[in-house]
Amino acid sequence: MPGSSISISVVTAVRNMEATVGATVNSVVNQKRNNDQYIFIDGASTDKTLEIARSFKDKIDYFISEPDAGQYHAIAKGFAQASGDVFAWINADDILMPWTFSVVSEIFERFPQVDWITGTPSFLSENGQLTRVEFKPGAYPRRFIANGWFRSNLGGFLQQESMFWRRSLWEKVGGLNLSLSLAADFDLWMRFAQHADLVPVDVPLGAFRLQPGRQRSSVHELKYLSEVAMLCYEKEAPNRLWRILSEKGSTAASIARLLISEKHPIITFDSPARRWEMVSRRRSIARLSLDQILDRRLLKQRRRQ
């Protein structure tokens, strides 16, 4: 619906990301409409990040560069300036798809009962090529997310750069837990799930750039997993069979996801009706097809040879 009144606020928090920040900013400002807002929080970068960002300054609605207490504090600082109906953040090495703002605003306008959505998980190579889109959106049962079952070899982590949610949901849970240094997004999804379903949209909305050994998620993996374990410590555990399969390697964990299913809504485009529709049926929590799982296994075996 071209006349959607839903406004979107997107935050980027960054420090020293000169190699990729231009692509991130460009992916936002090239589609931002008059009622949308882009907030750029720089943590006193010492490389060319600021120079690159300032070249877009007339398209950025709130721009600040100053020392901060880390990524999540910077993101929270950004959302304190947000005026939109819908919130999201995009890290300075990831991108939004060119259609994301129009799709997101239309969906939140059309489905007032929906508070939280995610796109089909998608991935970039280090040089910015779109290299993988997951087979399909899986089911995201609320109790699975609330108990922290979407982690590592269980349900697989949820993709932050594909998430969009209403301001009201953010305010209901009180925003980010700033006592966490690496898993505050994981904690946020757990708390969102106490109040709202995560509804998948059957198109990519954002893409994650894979940079093994350089990203916080890989450099500080053990600390991240420690924070996740702490958050899940007193939560309900998944059934024993699922836990056993999750410890048998990535192929077994992926096949287990294919076997776990729940009735869950999904938003998909109805081409004859020319509009987004919501349908609900039993679907697995897997986001990979069996063929994709087996192909990955073959590639892994080839690398070992």
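The values are calculated or read from the model by the stated rules, or taken from the named source; none is laboratory data. The model shown is predicted, which means the values in this text are computed figures rather than measured ones. For neighbour counting, all protein chains shown are included, and Cβ atoms are generated from backbone atoms with ideal geometry for every residue, glycine included. Keep in mind that these areas ignore ligands, DNA and RNA; they rest on the heavy atoms of the full protein, side chains included. Shrake-Rupley method; radii C 1.70, N 1.55, O 1.52, S 1.80 Å.
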Residue within the stretch 176-190 that is among the acidic types (Asp, Glu), within 18 Å of LEU288 (Cα to Cα) and open to solvent by 10 Å² or more (accessible area, probe 1.4 Å) present: no
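Look through LEU298, LEU241 and report the one residue that is assigned to a helix (DSSP H, G or I), aliphatic (A, V, I, L, M), exposed (fewer than 14 other Cβ atoms within 10 Å of the Cβ) and touching a helix residue (DSSP H, G or I) at 6+ places or on another chain (Cβ under 9 Å). Steps first, answer last, please.
On the way: LEU298 fails: touching a helix residue (DSSP H, G or I) at 6+ places or on another chain (Cβ under 9 Å).
Selected residue: LEU241, the only one of LEU298, LEU241 that is assigned to a helix (DSSP H, G or I), aliphatic (A, V, I, L, M), exposed (fewer than 14 other Cβ atoms within 10 Å of the Cβ) and touching a helix residue (DSSP H, G or I) at 6+ places or on another chain (Cβ under 9 Å).
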Residue within the stretch 29-47 that is modelled with pLDDT of 95 or more, in a helix (DSSP H, G or I) and of a type outside the set (Lys, Arg) present: yes
Of all residues making up the stretch 151-169, the number that are hydroxyl-bearing (Ser, Thr, Tyr) and either surrounded by 19 or more Cβ atoms within 10 Å (Cβ to Cβ) or closer than 30 Å to VAL21 by Cβ (or both): 2
Residue in the stretch 48-65 that is surrounded by the most Cβ atoms within 10 Å (Cβ to Cβ), counting only those that are modelled with pLDDT of 95 or more and acidic (Asp, Glu): ASP61
Considering residues of the stretch 98-150 that are open to solvent by 10 Å² or more (accessible area, probe 1.4 Å) and among the aliphatic types (A, V, I, L, M) only, the residue farthest from LEU205 (Cα to Cα): ALA146
Residue in the stretch 34-44 that is nearest to VAL11 (Cα to Cα), counting only those that are open to solvent by 20 Å² or more (accessible area, probe 1.4 Å), touching a residue at least 12 places away in the same chain (Cβ under 8 Å) and not aliphatic (A, V, I, L, M): GLN37
Residue within the stretch 200-212 that is open to solvent by 20 Å² or more (accessible area, probe 1.4 Å), without any contact (Cβ under 8 Å) to a residue 40 or more places away in the chain and either assigned to a helix (DSSP H, G or I) or not acidic (Asp, Glu) (or both) present: yes
Cβ pairs under 6 Å, 6+ apart, first in the stretch 103-116 and farther than 10 Å from ASP85 by Cβ and in contact (Cβ under 8 Å) with a residue 60 or more places away in the chain, second assigned to a loop (DSSP other than H, G, I, E, B) and not basic (Lys, Arg): GLU106/MET1; GLU106/SER4; ASP115/ALA196; TRP116/ALA196; TRP116/LEU198
